[in-house]
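The values are calculated or read from the model by the stated rules, or taken from the named source; none is laboratory data. Computed from a prediction, not measured in an experiment: that's the story for all the values here. Glycine gets a Cβ as well: all are built from the backbone with ideal geometry, and neighbour counts include every protein chain shown.
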(Lines give C-alpha, C1' and ligand atoms only; values in the text may rest on other atoms or scores of the structure.)
Protein backbone atom coordinates (compact mmCIF):
# COMPACT_ATOMS: atom_id res chain seq x y z
CA UNK A 1 0.00 0.00 0.00
CA UNK A 2 2.83 2.40 0.94
CA UNK A 3 4.63 1.42 -2.26
CA UNK A 4 1.57 2.21 -4.40
CA UNK A 5 1.22 5.58 -2.64
CA UNK A 6 4.90 6.30 -3.24
CA UNK A 7 4.64 5.42 -6.95
CA UNK A 8 1.50 7.55 -7.22
CA UNK A 9 3.35 10.52 -5.72
CA UNK A 10 6.35 9.91 -7.97
CA UNK A 11 4.06 9.85 -11.01
CA UNK A 12 2.40 13.09 -9.90
CA UNK A 13 5.84 14.67 -9.43
CA UNK A 14 6.85 13.87 -13.02
CA UNK A 15 3.48 15.01 -14.37
CA UNK A 16 4.06 18.32 -12.58
CA UNK A 17 7.57 18.59 -14.04
CA UNK A 18 6.13 18.01 -17.53
CA UNK A 19 3.70 20.87 -16.93
CA UNK A 20 6.45 23.08 -15.53
CA UNK A 21 8.84 22.65 -18.44
CA UNK A 22 6.61 24.05 -21.13
CA UNK A 23 7.05 27.23 -23.10
CA UNK A 24 6.25 30.31 -20.99
CA UNK A 25 3.07 32.16 -22.01
CA UNK A 26 4.74 35.55 -22.22
CA UNK A 27 8.51 35.91 -22.12
CA UNK A 28 8.34 39.39 -20.60
CA UNK A 29 6.28 38.11 -17.65
CA UNK A 30 8.55 35.08 -17.25
CA UNK A 31 11.59 37.38 -17.15
CA UNK A 32 9.91 39.65 -14.61
CA UNK A 33 8.94 36.70 -12.41
CA UNK A 34 12.46 35.24 -12.62
CA UNK A 35 13.98 38.56 -11.55
CA UNK A 36 11.54 38.71 -8.65
CA UNK A 37 12.47 35.15 -7.58
CA UNK A 38 16.19 35.92 -7.92
CA UNK A 39 15.74 38.59 -5.28
CA UNK A 40 13.28 36.66 -3.12
CA UNK A 41 14.98 33.24 -3.17
CA UNK A 42 18.57 34.20 -3.95
CA UNK A 43 19.59 37.67 -2.92
CA UNK A 44 17.63 37.48 0.33
CA UNK A 45 19.61 34.38 1.32
CA UNK A 46 23.03 35.99 1.01
CA UNK A 47 22.99 37.26 4.61
CA UNK A 48 22.15 33.99 6.30
CA UNK A 49 24.51 32.00 4.07
CA UNK A 50 27.37 34.41 4.79
CA UNK A 51 26.85 34.33 8.55
CA UNK A 52 26.59 30.54 8.67
CA UNK A 53 29.58 30.07 6.33
CA UNK A 54 31.75 32.41 8.38
CA UNK A 55 31.18 30.48 11.59
CA UNK A 56 31.34 27.13 9.80
CA UNK A 57 34.77 28.04 8.38
CA UNK A 58 35.90 29.23 11.82
CA UNK A 59 34.84 25.99 13.49
CA UNK A 60 36.42 23.82 10.77
CA UNK A 61 39.77 25.63 11.14
CA UNK A 62 39.80 25.37 14.92
CA UNK A 63 38.75 21.70 14.87
CA UNK A 64 41.37 20.86 12.26
CA UNK A 65 44.01 22.69 14.31
CA UNK A 66 43.14 20.93 17.57
CA UNK A 67 43.07 17.52 15.86
CA UNK A 68 46.41 17.95 14.13
CA UNK A 69 48.49 19.12 17.06
CA UNK A 70 51.48 17.11 15.93
CA UNK A 71 54.92 18.49 15.03
CA UNK A 72 55.03 16.12 12.02
CA UNK A 73 52.19 18.00 10.32
CA UNK A 74 53.06 21.42 8.93
CA UNK A 75 50.57 24.06 10.17
CA UNK A 76 49.66 25.20 6.67
CA UNK A 77 47.72 21.91 6.39
CA UNK A 78 45.10 23.52 8.64
CA UNK A 79 44.42 26.02 5.84
CA UNK A 80 44.36 23.24 3.28
CA UNK A 81 41.97 21.16 5.41
CA UNK A 82 39.70 24.15 5.91
CA UNK A 83 39.67 24.95 2.17
CA UNK A 84 38.94 21.41 1.02
CA UNK A 85 36.29 20.73 3.66
CA UNK A 86 34.48 23.92 2.74
CA UNK A 87 34.73 23.48 -1.03
CA UNK A 88 34.02 19.78 -1.16
CA UNK A 89 31.29 19.44 1.40
CA UNK A 90 30.23 22.30 3.57
CA UNK A 91 29.54 25.09 1.08
CA UNK A 92 27.49 22.93 -1.23
CA UNK A 93 25.78 20.41 1.04
CA UNK A 94 25.34 22.35 4.28
CA UNK A 95 24.30 25.46 2.34
CA UNK A 96 21.77 23.33 0.44
CA UNK A 97 20.39 21.96 3.71
CA UNK A 98 20.02 25.49 5.07
CA UNK A 99 18.33 26.62 1.87
CA UNK A 100 16.03 23.58 2.00
CA UNK A 101 14.82 24.97 5.31
CA UNK A 102 14.63 28.62 4.31
CA UNK A 103 13.70 28.57 0.63
CA UNK A 104 11.93 25.18 0.60
CA UNK A 105 9.45 26.05 3.32
CA UNK A 106 8.92 29.47 1.73
CA UNK A 107 8.08 27.93 -1.68
CA UNK A 108 5.82 25.21 -0.27
CA UNK A 109 3.84 27.59 1.91
CA UNK A 110 3.55 30.25 -0.82
CA UNK A 111 2.28 27.82 -3.47
CA UNK A 112 0.21 25.88 -0.92
CA UNK A 113 -1.55 29.05 0.21
CA UNK A 114 -2.21 29.97 -3.41
CA UNK A 115 -3.76 26.52 -3.87
CA UNK A 116 -6.09 26.64 -0.87
CA UNK A 117 -7.17 30.22 -1.58
CA UNK A 118 -8.04 29.24 -5.18
CA UNK A 119 -5.43 31.58 -6.70
CA UNK A 120 -4.05 28.65 -8.70
CA UNK A 121 -7.59 27.85 -9.91
CA UNK A 122 -7.93 31.51 -10.93
CA UNK A 123 -4.77 31.19 -13.06
CA UNK A 124 -6.04 27.99 -14.66
CA UNK A 125 -9.41 29.57 -15.46
CA UNK A 126 -7.63 32.39 -17.27
CA UNK A 127 -5.92 29.78 -19.43
CA UNK A 128 -2.53 30.18 -17.73
CA UNK A 129 -0.37 27.10 -17.17
CA UNK A 130 -0.18 27.67 -13.42
CA UNK A 131 2.63 25.15 -12.83
CA UNK A 132 4.88 26.74 -15.40
CA UNK A 133 3.95 30.28 -14.42
CA UNK A 134 4.64 29.74 -10.72
CA UNK A 135 7.40 27.14 -10.61
CA UNK A 136 9.61 27.63 -13.67
CA UNK A 137 10.85 31.10 -12.61
CA UNK A 138 11.72 29.67 -9.18
CA UNK A 139 13.70 26.82 -10.74
CA UNK A 140 15.53 29.19 -13.09
CA UNK A 141 16.28 31.63 -10.29
CA UNK A 142 17.67 29.00 -7.91
CA UNK A 143 19.70 27.33 -10.67
CA UNK A 144 21.21 30.69 -11.52
CA UNK A 145 21.73 32.03 -8.03
CA UNK A 146 22.55 29.02 -5.83
CA UNK A 147 25.97 28.52 -7.47
CA UNK A 148 26.68 32.17 -6.63
CA UNK A 149 25.59 31.49 -3.04
CA UNK A 150 27.93 28.50 -2.94
CA UNK A 151 30.84 30.64 -4.17
CA UNK A 152 30.00 33.30 -1.57
CA UNK A 153 29.85 30.57 1.05
CA UNK A 154 33.29 29.24 0.00
CA UNK A 155 34.88 32.67 0.11
CA UNK A 156 33.28 33.75 3.40
CA UNK A 157 33.94 30.32 4.96
CA UNK A 158 37.64 30.47 4.15
CA UNK A 159 37.87 34.07 5.38
CA UNK A 160 36.11 33.00 8.59
CA UNK A 161 38.54 30.13 8.97
CA UNK A 162 41.51 32.45 8.47
CA UNK A 163 40.25 35.01 10.97
CA UNK A 164 39.36 32.42 13.62
CA UNK A 165 42.63 30.54 13.14
CA UNK A 166 44.84 33.61 13.47
CA UNK A 167 42.81 35.11 16.32
CA UNK A 168 42.99 31.83 18.27
CA UNK A 169 46.70 31.67 17.55
CA UNK A 170 46.59 28.18 16.01
CA UNK A 171 47.99 29.31 12.66
CA UNK A 172 49.68 32.39 11.24
CA UNK A 173 48.06 34.35 8.43
CA UNK A 174 50.99 33.50 6.11
CA UNK A 175 50.65 29.77 6.80
CA UNK A 176 46.90 29.87 6.33
CA UNK A 177 47.18 31.69 2.99
CA UNK A 178 49.91 29.27 1.89
CA UNK A 179 47.69 26.35 2.96
CA UNK A 180 44.63 27.46 1.05
CA UNK A 181 46.77 27.82 -2.10
CA UNK A 182 48.66 24.54 -1.61
CA UNK A 183 47.79 21.66 -4.02
CA UNK A 184 44.65 23.41 -5.13
CA UNK A 185 42.51 21.38 -7.56
CA UNK A 186 40.19 23.71 -9.53
CA UNK A 187 37.91 20.77 -10.39
CA UNK A 188 36.73 20.76 -6.77
CA UNK A 189 34.97 24.06 -7.46
CA UNK A 190 33.30 22.56 -10.52
CA UNK A 191 32.28 19.54 -8.44
CA UNK A 192 30.81 21.81 -5.79
CA UNK A 193 28.87 23.85 -8.38
CA UNK A 194 27.50 20.69 -10.05
CA UNK A 195 26.27 19.44 -6.67
CA UNK A 196 24.73 22.84 -5.97
CA UNK A 197 22.79 22.74 -9.25
CA UNK A 198 21.34 19.32 -8.40
CA UNK A 199 20.48 20.44 -4.89
CA UNK A 200 18.83 23.64 -6.15
CA UNK A 201 16.66 21.61 -8.50
CA UNK A 202 15.72 19.19 -5.69
CA UNK A 203 14.82 21.97 -3.24
CA UNK A 204 12.70 23.94 -5.71
CA UNK A 205 10.85 21.08 -7.38
CA UNK A 206 10.17 19.03 -4.22
CA UNK A 207 8.94 22.09 -2.33
CA UNK A 208 6.81 23.27 -5.26
CA UNK A 209 5.36 19.77 -5.61
CA UNK A 210 4.40 19.67 -1.93
CA UNK A 211 2.74 23.08 -2.18
CA UNK A 212 1.07 22.59 -5.55
CA UNK A 213 -0.87 19.47 -4.58
CA UNK A 214 -1.90 20.57 -1.12
CA UNK A 215 -5.57 20.28 -0.27
CA UNK A 216 -7.46 21.37 2.80
CA UNK A 217 -6.60 24.36 4.94
CA UNK A 218 -3.79 26.12 6.73
CA UNK A 219 -2.92 23.00 8.73
CA UNK A 220 -2.21 21.11 5.49
CA UNK A 221 -0.11 24.01 4.19
CA UNK A 222 1.99 23.77 7.35
CA UNK A 223 2.35 20.02 6.87
CA UNK A 224 3.31 20.49 3.22
CA UNK A 225 5.94 22.99 4.29
CA UNK A 226 7.42 20.53 6.80
CA UNK A 227 7.35 17.71 4.24
CA UNK A 228 9.09 19.96 1.72
CA UNK A 229 11.98 20.56 4.12
CA UNK A 230 12.23 16.92 5.26
CA UNK A 231 12.06 15.33 1.79
CA UNK A 232 14.37 17.93 0.21
CA UNK A 233 16.94 17.41 2.98
CA UNK A 234 16.81 13.64 2.66
CA UNK A 235 17.17 13.76 -1.12
CA UNK A 236 20.06 16.24 -0.83
CA UNK A 237 21.93 13.81 1.42
CA UNK A 238 21.20 10.84 -0.87
CA UNK A 239 22.26 12.73 -3.99
CA UNK A 240 25.34 14.01 -2.16
CA UNK A 241 26.58 10.43 -1.85
CA UNK A 242 25.61 9.51 -5.43
CA UNK A 243 27.20 12.63 -6.96
CA UNK A 244 30.35 12.30 -4.87
CA UNK A 245 30.82 8.75 -6.11
CA UNK A 246 30.07 9.75 -9.72
CA UNK A 247 32.16 12.93 -9.82
CA UNK A 248 35.15 12.12 -7.63
CA UNK A 249 35.75 8.42 -8.24
CA UNK B 1 -24.91 28.58 -24.59
CA UNK B 2 -23.39 26.09 -22.17
CA UNK B 3 -24.81 22.59 -22.20
CA UNK B 4 -24.05 19.89 -19.69
CA UNK B 5 -25.12 16.37 -20.63
CA UNK B 6 -25.23 13.36 -18.29
CA UNK B 7 -22.16 14.29 -16.29
CA UNK B 8 -20.98 12.28 -13.28
CA UNK B 9 -18.24 13.04 -10.80
CA UNK B 10 -17.02 11.02 -7.84
CA UNK B 11 -14.39 11.66 -5.19
CA UNK B 12 -12.84 8.58 -3.54
CA UNK B 13 -15.79 6.46 -4.63
CA UNK B 14 -18.38 8.96 -3.35
CA UNK B 15 -20.69 10.16 -6.10
CA UNK B 16 -21.01 13.94 -5.96
CA UNK B 17 -22.69 14.52 -9.34
CA UNK B 18 -25.00 11.87 -10.72
CA UNK B 19 -26.15 12.08 -14.34
CA UNK B 20 -26.53 15.85 -14.36
CA UNK B 21 -27.95 17.41 -17.54
CA UNK B 22 -28.79 21.08 -17.88
CA UNK B 23 -28.59 23.89 -20.40
CA UNK B 24 -27.53 27.40 -19.36
CA UNK B 25 -29.03 30.13 -21.45
CA UNK B 26 -26.97 32.85 -23.14
CA UNK B 27 -27.35 36.47 -22.07
CA UNK B 28 -28.99 35.43 -18.83
CA UNK B 29 -28.06 35.05 -15.20
CA UNK B 30 -28.36 31.33 -14.57
CA UNK B 31 -28.41 30.25 -10.95
CA UNK B 32 -27.41 26.92 -9.43
CA UNK B 33 -28.94 26.67 -5.99
CA UNK B 34 -28.86 24.00 -3.34
CA UNK B 35 -27.80 23.21 0.18
CA UNK B 36 -24.17 23.17 1.28
CA UNK B 37 -22.56 19.95 0.07
CA UNK B 38 -25.20 19.35 -2.60
CA UNK B 39 -22.64 19.48 -5.43
CA UNK B 40 -23.06 23.08 -6.66
CA UNK B 41 -19.37 24.00 -6.55
CA UNK B 42 -18.32 20.65 -8.01
CA UNK B 43 -20.78 21.20 -10.87
CA UNK B 44 -19.46 24.71 -11.51
CA UNK B 45 -15.81 23.62 -11.31
CA UNK B 46 -16.55 20.67 -13.58
CA UNK B 47 -18.09 22.99 -16.17
CA UNK B 48 -15.01 25.21 -16.23
CA UNK B 49 -12.69 22.20 -16.27
CA UNK B 50 -11.13 22.57 -12.82
CA UNK B 51 -12.48 19.08 -12.05
CA UNK B 52 -12.22 16.37 -14.70
CA UNK B 53 -15.60 14.66 -15.03
CA UNK B 54 -15.96 10.86 -14.91
CA UNK B 55 -18.58 10.68 -17.66
CA UNK B 56 -20.82 12.92 -19.76
CA UNK B 57 -20.28 15.94 -21.97
CA UNK B 58 -19.79 19.68 -21.47
CA UNK B 59 -20.51 21.86 -24.49
CA UNK B 60 -19.54 25.50 -24.97
CA UNK B 61 -21.57 26.38 -28.07
CA UNK B 62 -20.49 23.68 -30.52
CA UNK B 63 -17.24 22.77 -28.75
CA UNK B 64 -17.08 19.61 -26.66
CA UNK B 65 -15.02 21.26 -23.89
CA UNK B 66 -14.18 18.19 -21.79
CA UNK B 67 -12.56 16.45 -24.77
CA UNK B 68 -10.38 19.40 -25.78
CA UNK B 69 -6.63 19.27 -25.14
CA UNK B 70 -4.87 21.90 -22.99
CA UNK B 71 -4.12 24.19 -25.93
CA UNK B 72 -7.72 24.26 -27.21
CA UNK B 73 -9.13 24.55 -23.72
CA UNK B 74 -6.92 27.56 -23.20
CA UNK B 75 -8.63 29.30 -26.12
CA UNK B 76 -12.07 28.68 -24.59
CA UNK B 77 -10.82 29.73 -21.16
CA UNK B 78 -9.74 33.09 -22.51
CA UNK B 79 -13.46 33.71 -22.98
CA UNK B 80 -14.23 32.83 -19.35
CA UNK B 81 -14.20 34.98 -16.27
CA UNK B 82 -14.64 33.55 -12.81
CA UNK B 83 -15.42 35.01 -9.44
CA UNK B 84 -14.31 32.67 -6.67
CA UNK B 85 -15.87 32.28 -3.25
CA UNK B 86 -12.85 33.83 -1.54
CA UNK B 87 -12.19 36.24 -4.43
CA UNK B 88 -8.84 34.54 -5.22
CA UNK B 89 -7.03 37.80 -5.85
CA UNK B 90 -3.27 37.43 -6.16
CA UNK B 91 -1.88 38.43 -2.77
CA UNK B 92 1.43 39.69 -4.11
CA UNK B 93 -0.20 42.08 -6.58
CA UNK B 94 -1.98 45.39 -6.10
CA UNK B 95 -5.59 45.90 -7.18
CA UNK B 96 -4.39 47.42 -10.44
CA UNK B 97 -1.91 44.61 -11.12
CA UNK B 98 -4.59 41.99 -10.44
CA UNK B 99 -6.91 43.46 -13.07
CA UNK B 100 -4.03 44.06 -15.44
CA UNK B 101 -2.75 40.49 -15.17
CA UNK B 102 -4.99 38.88 -17.84
CA UNK B 103 -4.25 41.81 -20.16
CA UNK B 104 -0.50 41.32 -19.68
CA UNK B 105 -0.88 37.61 -20.28
CA UNK B 106 -3.10 37.50 -23.33
CA UNK B 107 -3.10 40.82 -25.15
CA UNK B 108 -0.57 42.83 -27.06
CA UNK B 109 -1.98 46.15 -25.93
CA UNK B 110 0.32 49.05 -25.17
CA UNK B 111 0.87 49.95 -21.47
CA UNK B 112 -1.38 52.99 -21.94
CA UNK B 113 -4.19 50.89 -23.40
CA UNK B 114 -3.88 48.42 -20.56
CA UNK B 115 -4.00 51.18 -17.95
CA UNK B 116 -7.07 52.64 -19.63
CA UNK B 117 -8.80 49.24 -19.62
CA UNK B 118 -7.86 48.59 -15.98
CA UNK B 119 -9.23 51.96 -14.91
CA UNK B 120 -12.40 51.37 -16.94
CA UNK B 121 -12.99 47.96 -15.32
CA UNK B 122 -12.32 49.26 -11.82
CA UNK B 123 -14.61 52.23 -12.40
CA UNK B 124 -17.29 49.89 -13.73
CA UNK B 125 -17.31 48.00 -10.42
CA UNK B 126 -17.15 51.25 -8.42
CA UNK B 127 -13.63 50.79 -7.11
CA UNK B 128 -12.07 54.21 -6.94
CA UNK B 129 -8.71 55.28 -5.46
CA UNK B 130 -7.72 51.73 -4.59
CA UNK B 131 -5.40 50.98 -7.50
CA UNK B 132 -2.30 50.74 -5.35
CA UNK B 133 -3.85 48.77 -2.49
CA UNK B 134 -3.06 45.10 -1.91
CA UNK B 135 -5.86 42.54 -1.41
CA UNK B 136 -5.07 42.34 2.31
CA UNK B 137 -5.95 46.05 2.56
CA UNK B 138 -9.39 45.64 0.94
CA UNK B 139 -12.74 44.80 2.56
CA UNK B 140 -14.63 41.63 1.57
CA UNK B 141 -17.00 43.54 -0.72
CA UNK B 142 -14.14 45.41 -2.38
CA UNK B 143 -12.28 42.18 -3.00
CA UNK B 144 -15.34 40.76 -4.77
CA UNK B 145 -15.61 43.87 -6.90
CA UNK B 146 -11.94 43.75 -7.86
CA UNK B 147 -12.37 40.05 -8.68
CA UNK B 148 -15.30 40.96 -10.94
CA UNK B 149 -13.19 43.68 -12.58
CA UNK B 150 -10.44 41.11 -13.23
CA UNK B 151 -12.99 38.63 -14.56
CA UNK B 152 -14.36 41.13 -17.10
CA UNK B 153 -10.99 42.60 -18.13
CA UNK B 154 -10.84 40.50 -21.29
CA UNK B 155 -14.52 40.98 -22.18
CA UNK B 156 -15.45 37.35 -21.52
CA UNK B 157 -18.34 35.54 -23.09
CA UNK B 158 -18.98 33.45 -19.99
CA UNK B 159 -18.97 34.51 -16.35
CA UNK B 160 -18.92 32.01 -13.49
CA UNK B 161 -19.53 33.06 -9.90
CA UNK B 162 -19.06 30.71 -6.97
CA UNK B 163 -21.07 31.97 -3.99
CA UNK B 164 -20.41 35.63 -4.87
CA UNK B 165 -21.98 37.05 -1.73
CA UNK B 166 -20.80 34.63 0.90
CA UNK B 167 -19.36 36.44 3.89
CA UNK B 168 -20.89 39.78 2.89
CA UNK B 169 -23.49 41.83 4.72
CA UNK B 170 -26.99 41.82 3.12
CA UNK B 171 -26.64 45.28 1.55
CA UNK B 172 -23.21 44.61 0.01
CA UNK B 173 -24.50 41.21 -1.11
CA UNK B 174 -27.36 42.88 -3.01
CA UNK B 175 -24.92 45.37 -4.59
CA UNK B 176 -22.71 42.52 -5.79
CA UNK B 177 -25.75 40.64 -7.14
CA UNK B 178 -26.93 43.75 -8.99
CA UNK B 179 -23.46 44.28 -10.41
CA UNK B 180 -23.35 40.72 -11.74
CA UNK B 181 -26.77 41.12 -13.33
CA UNK B 182 -25.91 44.49 -14.90
CA UNK B 183 -22.64 43.20 -16.31
CA UNK B 184 -24.34 40.11 -17.70
CA UNK B 185 -26.85 42.26 -19.57
CA UNK B 186 -24.31 44.88 -20.61
CA UNK B 187 -21.88 42.38 -22.18
CA UNK B 188 -24.54 39.81 -23.15
CA UNK B 189 -22.65 37.11 -21.26
CA UNK B 190 -23.76 33.67 -20.22
CA UNK B 191 -23.49 33.88 -16.46
CA UNK B 192 -23.71 30.98 -14.04
CA UNK B 193 -23.95 31.81 -10.36
CA UNK B 194 -23.68 29.30 -7.54
CA UNK B 195 -25.58 30.35 -4.46
CA UNK B 196 -27.64 29.22 -1.50
CA UNK B 197 -28.80 32.74 -0.80
CA UNK B 198 -32.52 33.12 -1.53
CA UNK B 199 -32.15 36.91 -1.74
CA UNK B 200 -29.87 36.41 -4.75
CA UNK B 201 -32.37 34.02 -6.28
CA UNK B 202 -35.13 36.60 -6.08
CA UNK B 203 -32.87 39.48 -7.14
CA UNK B 204 -31.07 38.13 -10.15
CA UNK B 205 -32.30 34.62 -10.96
CA UNK B 206 -33.50 34.35 -14.54
CA UNK B 207 -33.01 30.63 -14.91
CA UNK B 208 -32.73 28.62 -11.71
CA UNK B 209 -31.45 25.07 -11.32
CA UNK B 210 -31.93 23.33 -7.97
CA UNK B 211 -29.45 20.60 -7.16
CA UNK B 212 -29.80 18.16 -4.29
CA UNK B 213 -27.36 15.36 -3.42
CA UNK B 214 -25.74 15.63 -6.84
CA UNK B 215 -28.97 15.38 -8.80
CA UNK B 216 -30.88 18.15 -10.58
CA UNK B 217 -34.23 18.23 -8.79
CA UNK B 218 -35.90 21.24 -10.33
CA UNK B 219 -35.48 23.88 -13.05
CA UNK B 220 -37.46 27.06 -13.61
CA UNK B 221 -37.64 30.82 -13.18
CA UNK B 222 -37.83 32.92 -10.01
CA UNK B 223 -41.56 33.29 -10.54
CA UNK B 224 -42.05 29.53 -10.63
CA UNK B 225 -39.93 28.79 -7.57
CA UNK B 226 -42.44 30.09 -5.06
CA UNK B 227 -45.28 28.14 -6.60
CA UNK B 228 -43.46 24.85 -6.95
CA UNK B 229 -44.85 21.77 -5.25
CA UNK B 230 -41.42 20.08 -5.17
CA UNK B 231 -41.05 19.22 -1.48
CA UNK B 232 -37.26 19.19 -1.38
CA UNK B 233 -37.15 22.56 -3.13
CA UNK B 234 -39.76 24.00 -0.79
CA UNK B 235 -37.81 22.78 2.26
CA UNK B 236 -34.83 24.73 0.90
CA UNK B 237 -36.66 27.86 -0.27
CA UNK B 238 -38.79 28.20 2.83
CA UNK B 239 -36.13 27.11 5.29
CA UNK B 240 -36.17 30.23 7.44
CA UNK B 241 -39.05 30.94 9.79
CA UNK B 242 -40.00 34.26 8.15
CA UNK B 243 -40.43 32.60 4.77
CA UNK B 244 -42.39 29.77 6.40
CA UNK B 245 -44.76 32.23 8.07
CA UNK B 246 -45.24 34.18 4.85
CA UNK B 247 -46.04 31.01 2.98
CA UNK B 248 -48.54 29.76 5.56
CA UNK B 249 -50.29 33.14 5.68
CA UNK B 250 -50.41 33.14 1.88
CA UNK B 251 -52.02 29.70 1.95
CA UNK B 252 -54.56 30.83 4.53
CA UNK B 253 -55.40 33.88 2.41
CA UNK B 254 -55.62 32.07 -0.79
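Considering segment A:20-30, and only residues there that are assigned to a helix (DSSP H, G or I) and under 23 Å from the mean Cα position of the chain (by Cα), the residue that is surrounded by the most Cβ atoms within 10 Å (Cβ to Cβ) turns out to be A:20. Checking each residue in segment B:110-134 for being in a loop (DSSP other than H, G, I, E, B) and either surrounded by 14 or more Cβ atoms within 10 Å (Cβ to Cβ) or within 11 Å of chain A (Cβ to nearest Cβ) (or both) picks out B:125, B:127, B:130, B:131, B:133, B:134. When segment B:166-194 is filtered for residues that are more than 14 Å from chain A (Cβ to nearest Cβ), over 16 Å from residue B:121 (Cα atoms), in contact with a helix residue (DSSP H, G or I) (Cβ under 6 Å, 6 or more places away or on another chain) and modelled with pLDDT of 85 or more, the ones remaining, listed by number, are B:177, B:191. Of the residues screened, residue B:54 is not one that is at the interface with chain A (Cβ under 8 Å from one of its Cβ atoms) and either surrounded by 15 or more Cβ atoms within 10 Å (Cβ to Cβ) or touching a strand residue (DSSP E or B) at 6+ places or on another chain (Cβ under 9 Å) (or both).
Within segment B:195-210, the set of residues being within 21 Å of residue B:142 (Cβ to Cβ) and at pLDDT 90 or above is empty.
When you check residue A:79 against the structure, is it under 26 Å from residue A:145 (Cα atoms) and modelled with pLDDT under 95, yes or no? No. When residue B:137 is tested against (1) away from chain A (no Cβ under 14 Å); (2) touching a residue at least 12 places away in the same chain (Cβ under 8 Å); (3) over 22 Å from residue B:77 (Cβ atoms), just one condition goes unmet, and that condition is (2).
Of these, A:47, A:57, which one is away from every other protein chain (no Cβ under 14 Å), under 24 Å from residue A:230 (Cα atoms), within 18 Å of the chain's Cα centre (by Cα) and not in a loop (DSSP other than H, G, I, E, B)? Selected residue: A:47, the only one of A:47, A:57 that is away from every other protein chain (no Cβ under 14 Å), under 24 Å from residue A:230 (Cα atoms), within 18 Å of the chain's Cα centre (by Cα) and not in a loop (DSSP other than H, G, I, E, B).
Scan segment B:27-71 residue by residue and report those that are free of Cβ contacts under 8 Å to residues at least 12 places away in the same chain and at positive phi. Matches in segment B:27-71: B:37 only.
In segment B:85-94, of all residues being facing another protein chain (nearest Cβ under 8 Å) and surrounded by fewer than 23 Cβ atoms within 10 Å (Cβ to Cβ), the one that is nearest to residue A:132 (Cα to Cα) corresponds to B:90.
Just one residue in the set B:105, B:80 is in contact with a strand residue (DSSP E or B) (Cβ under 9 Å, 6 or more places away or on another chain) and either farther than 22 Å from residue A:29 by Cβ or within 8 Å of chain A (Cβ to nearest Cβ) (or both); that residue is B:80.
Can you spot a residue in segment A:152-169 that is at pLDDT 95 or above, out of contact with any strand residue (DSSP E or B) (no Cβ under 7 Å at 6 or more places or on another chain) and within 14 Å of another protein chain (Cβ to nearest Cβ)? No, segment A:152-169 contains no residue that is at pLDDT 95 or above, out of contact with any strand residue (DSSP E or B) (no Cβ under 7 Å at 6 or more places or on another chain) and within 14 Å of another protein chain (Cβ to nearest Cβ).
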